[in-house]
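Colleague: Before I ask anything, here is the structure I am working with.
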Amino acid sequence: MSLVVFLVTLGLTLITGVPVAFALLICAVMMGITLDLFDPQIITQRLVVGANNFSLLAIPFFLLAGELMNAGGMSKRIIAFAMAFVGHLRGGLGVVAIFAAIILASLSGSAAADTAALIAILLPMMRKSGHDEARSVGLMASGGIIAPIIPPSIAYIIFGVATNLSITKLFMAGIVPGALMGLSALAVWIFLARRENVPPLPRQEWPARLRALRAALFSLGLPVIILGGIRFGVVTPTEAAVIAAVYALVVGIFVHGELKVSELFDVFRRAALTTSVVMLLAAAALATSWFISIADLSGIVLDLVAPLVDNPKLLLLAIMVLVLVIGTMLDMGPTILILAPVLLPVVEKAGIDPIYFGVIFVINTAIGLVTPPVGIVLSVAAGVSGVPMHKVAMGSLPFLAAQVAVLLLLVAFPEIVTVPMEWLQ
């Protein structure tokens with residue numbers, strides 16, 4: 001009965017356009033009534049407990065770091081660095097987009113911010129060179145979704161908080177799969193670019209490359225500081241987020257000189273607005289999770305999928321299909337917060353490594369960012385580029401298919417994730 005109440009309430013509220021955070025709170029109320037546990041004080045207390053989490057503190061600082069990087073010129077220096085070294089290859093601007101997307105992903109973890117930066121800088125050049133406009137935007141949208149997969153990732157922080165898993169382990173486990181996602185999109189672009197017959201950019205000489213490297217040196221140093229500090233236990237992910245924000249602030253103002261003190265208010269305001277949305281959503285979802293635990297929805301789901309528990313890969317495949325479908329209708333954060341606490345006990349019962357499951361779950365939800373009708377990254381790509389959303393969706397299809405193939409490969413061969421994960425940890 002509790003599972004039916006949860007699904008029906010969530011479905012009706014979302015269909016009628018209720019914001020996800022409030023939809024989750026309504027679910028909590030309805031489940032409380034069903035379980036004869038409803039008390040406004042319980043929901044209030046669970047909201048406070050949900051938001052009062054040290055790990056969640058990393059989110060506002062990584063969001064702020066991303067805003068400071070874009071405003072302080074770090075993002076465009078990364079793109080210029082990639083262009084200096086790989087821009088001369090066939091389909092070079094697309095190759096630049098993917099390499100820059102991988103580097104940017106290791107800076108901020110925001111798919112929307114990375115996509116906007118790539119399109120704003122590279123799309124005018126790709127148009128001028130003669131590349132197909134919709135396909136170019138689709139490539140950069142597909143490159144943008146690497147950000148939640150390669151650490152530091154806000155998605156891993158949310159998953160870790162929702163499931164009580166180690167965020168540090170999730171970070172380390174996401175490096176290789178994130179690189180594979182980027183390389184799969186790159187391989188498809190190179191194949192398609194050969195048919196366009198667009199002349200590549202001139203090869204830059206080594207003095208120009210060294211100047212681009214020198215200009216991007218401070219930007220390239222940030223991933224080393226963040227991941228190195230986390231890997232060797234010097235800092236926690238939350239402390240790394242604070243370091244990233246301060247680093248981006250100092251570099252933007254004092255090193256690059258592009259971030260003006262007068263611009264800081266707008267930068268902080270944008271980061272605060274995004275943070276407020278994420279934190280309210282997290283608090284509401286964690287309040288609902290308390291009722292989910294009391295109702296033992298994981299046990300109910302486990303009973304429903306009991307025939308698949310003895311076949312972990314088939315179970316995992318079924319879950320991935322479910323998450324892909326739900327990802328077309330829900331954003332990444334709500335999908336993680338709603339499904340992860342319910343599904344994790346099921347996959348653990350089947351003997352699946354929970355960190356490995358977290359990584360492929362996040363990959364799955366990241367793919368949902370470029371699938372209509374909700375696809376947040378699609379909306380950002382269409383808004384920044386001026387290309388209609390349906391054309392962006394069509395342009396991203398070849399790259400999306402390659403990234404889904406990577407997801408299926410990771411389901412079939414977990415060692416691709418688990419072996420590097422053990423070595424890095």
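Colleague: Checking the conditions here, which among VAL198, VAL188 is part of a loop (DSSP other than H, G, I, E, B) and of a type outside the set (Phe, Trp, Tyr)?
Modeller: Working: VAL188 fails: part of a loop (DSSP other than H, G, I, E, B).
When all the criteria are applied, what remains is VAL198.
Colleague: Got at least one residue in segment 191-211 being surrounded by 20 or more Cβ atoms within 10 Å (Cβ to Cβ), out of contact with any Phe, Trp or Tyr (no Cβ under 7 Å at 6 or more places or on another chain) and closer than 23 Å to ILE149 by Cα? First the steps, then the outcome.
Modeller: Applying the first criterion (surrounded by 20 or more Cβ atoms within 10 Å (Cβ to Cβ)) to segment 191-211 yields 193.
Still in the running and out of contact with any Phe, Trp or Tyr (no Cβ under 7 Å at 6 or more places or on another chain): 193.
Checking the rest, the ones that are also closer than 23 Å to ILE149 by Cα come to none.
No, segment 191-211 contains no residue that is surrounded by 20 or more Cβ atoms within 10 Å (Cβ to Cβ), out of contact with any Phe, Trp or Tyr (no Cβ under 7 Å at 6 or more places or on another chain) and closer than 23 Å to ILE149 by Cα.
Colleague: Now for a separate question. Which is touching a helix residue (DSSP H, G or I) at 6+ places or on another chain (Cβ under 7 Å), among the hydroxyl-bearing types (Ser, Thr, Tyr) and more than 23 Å from LEU378 (Cβ to Cβ), of SER129, SER108? If you could, list the steps in order and put the result at the bottom.
Modeller: On the way: SER108 fails: more than 23 Å from LEU378 (Cβ to Cβ).
On inspection, the qualifying residue turns out to be SER129.
Colleague: Let me spell it out: the conditions are (1) in contact with a His (Cβ under 7 Å, 6 or more places away or on another chain); (2) aliphatic (A, V, I, L, M); (3) within 20 Å of SER153 (Cα to Cα), and LEU93 meets all of them except one. Which number is the exception?
Modeller: Exception for LEU93: condition (3).
Colleague: Could you give every pair whose Cβ atoms fall below 8 Å, whose first residue belongs to segment 271-295 and is assigned to a helix (DSSP H, G or I), and whose second residue is modelled with pLDDT of 80 or more and among the aromatic types (Phe, Trp, Tyr), counting only separations of at least 6 or pairs across chains?
Modeller: ALA284/PHE22; ILE292/PHE6; ALA295/PHE6
Colleague: When residues of segment 13-53 are filtered for being among the aliphatic types (A, V, I, L, M) and more than 27 Å from the chain's Cα centre (by Cα), how many remain? Spell out how you get there, then give the answer.
Modeller: Just the residues of segment 13-53 that are among the aliphatic types (A, V, I, L, M), to begin with: 14-15, 18, 20-21, 23-26, 28-31, 33, 35, 37, 42-43, 47-49, 51.
Of the ones still in play, those that are also more than 27 Å from the chain's Cα centre (by Cα) are 29-31, 33, 35, 37, 42-43.
Qualifying residue count for the region: 8.
Colleague: Quick check on segment 89-114: of everything there that is in contact with a Ser or Thr (Cβ under 9 Å, 6 or more places away or on another chain) and of a type outside the set (Gly, Ala, Ser), which residue is modelled with the highest pLDDT?
Modeller: Among those that are in contact with a Ser or Thr (Cβ under 9 Å, 6 or more places away or on another chain) and of a type outside the set (Gly, Ala, Ser), it is ILE98.
Colleague: Still on this structure, I have one more. Looking at ALA272, ALA283, which is the one that is more than 28 Å from ALA215 (Cα to Cα) and surrounded by 20 or more Cβ atoms within 10 Å (Cβ to Cβ)? Talk me through it step by step, then tell me what you get.
Modeller: Values: ALA272 fails: surrounded by 20 or more Cβ atoms within 10 Å (Cβ to Cβ).
The conditions single out ALA283.
Colleague: Hey, PRO60 hits all of (1) surrounded by fewer than 24 Cβ atoms within 10 Å (Cβ to Cβ); (2) more than 20 Å from TYR247 (Cα to Cα); (3) of a type outside the set (Gly, Ala, Ser) but one; which does it fall short on?
Modeller: (2)
Colleague: Just the residues that are surrounded by 15 or more Cβ atoms within 10 Å (Cβ to Cβ), more than 18 Å from the chain's Cα centre (by Cα) and part of a loop (DSSP other than H, G, I, E, B), please, taken from segment 322-355.
Modeller: Across segment 322-355, the qualifying residues are ALA350, ILE352, ASP353.
Colleague: Scan segment 3-16 and tell me whether some residue there is among the hydrophobic types (A, V, I, L, M, F, W, C) and surrounded by 21 or more Cβ atoms within 10 Å (Cβ to Cβ). Talk me through it step by step, then tell me what you get.
Modeller: We begin by selecting, within segment 3-16, every residue among the hydrophobic types (A, V, I, L, M, F, W, C); these are 3-8, 10, 12, 14-15.
Of the ones still in play, those that are also surrounded by 21 or more Cβ atoms within 10 Å (Cβ to Cβ) are 6, 10.
Yes, segment 3-16 contains at least one residue that is among the hydrophobic types (A, V, I, L, M, F, W, C) and surrounded by 21 or more Cβ atoms within 10 Å (Cβ to Cβ).
Colleague: Among the candidates ILE319, ILE253, ILE300, which residue alone is surrounded by 20 or more Cβ atoms within 10 Å (Cβ to Cβ), touching a helix residue (DSSP H, G or I) at 6+ places or on another chain (Cβ under 9 Å) and either assigned to a helix (DSSP H, G or I) or among the small types (Gly, Ala, Ser) (or both)?
Modeller: Details: ILE253 fails: surrounded by 20 or more Cβ atoms within 10 Å (Cβ to Cβ); ILE300 fails: surrounded by 20 or more Cβ atoms within 10 Å (Cβ to Cβ).
When all the criteria are applied, what remains is ILE319.
Colleague: Can you name the condition, by its number, that MET181 falls short on among (1) at pLDDT below 90; (2) under 23 Å from ALA382 (Cα atoms)?
Modeller: The one condition MET181 does not meet is (1).
Colleague: For the condition buried (at least 20 other Cβ atoms within 10 Å of the Cβ) and closer than 20 Å to ASP331 by Cα, what is the one hit in ALA23, ALA82?
Modeller: On the way: ALA82 fails: closer than 20 Å to ASP331 by Cα.
Sole residue among the options that is buried (at least 20 other Cβ atoms within 10 Å of the Cβ) and closer than 20 Å to ASP331 by Cα: ALA23.
Colleague: What pairs come out if I take residues in segment 241-270 that are touching a residue at least 40 places away in the same chain (Cβ under 8 Å) and under 14 Å from ASN70 (Cβ atoms) and pair them with residues that are of a type in the set (D, E, K, R) and buried (at least 18 other Cβ atoms within 10 Å of the Cβ) whose C-beta lies under 6 Å away, six or more apart or interchain?
Modeller: VAL267/GLU67; ARG270/GLU67
Colleague: Please identify the pairs in which a residue from segment 1-22 that is at negative phi has its Cβ atom under 6 Å from the Cβ atom of a residue that is hydroxyl-bearing (Ser, Thr, Tyr), counting only partners at least 6 apart or on another chain.
Modeller: As it stands, the answer is SER2/THR34; VAL5/THR34, since those pairs meet every condition given.
Colleague: Residues of segment 98-131 being without any contact (Cβ under 8 Å) to a residue 40 or more places away in the chain and out of contact with any Leu (no Cβ under 9 Å at 6 or more places or on another chain), which ones?
Modeller: Answer for segment 98-131, where residues must be without any contact (Cβ under 8 Å) to a residue 40 or more places away in the chain and out of contact with any Leu (no Cβ under 9 Å at 6 or more places or on another chain): PRO124, ARG127, LYS128.
The values are calculated or read from the model by the stated rules, or taken from the named source; none is laboratory data. Keep in mind it's a predicted model, so treat the numbers as computed, not measured. Methodologically, a virtual Cβ is constructed for each residue, glycine included, from the backbone with ideal geometry; neighbour enumeration extends over all protein chains shown.
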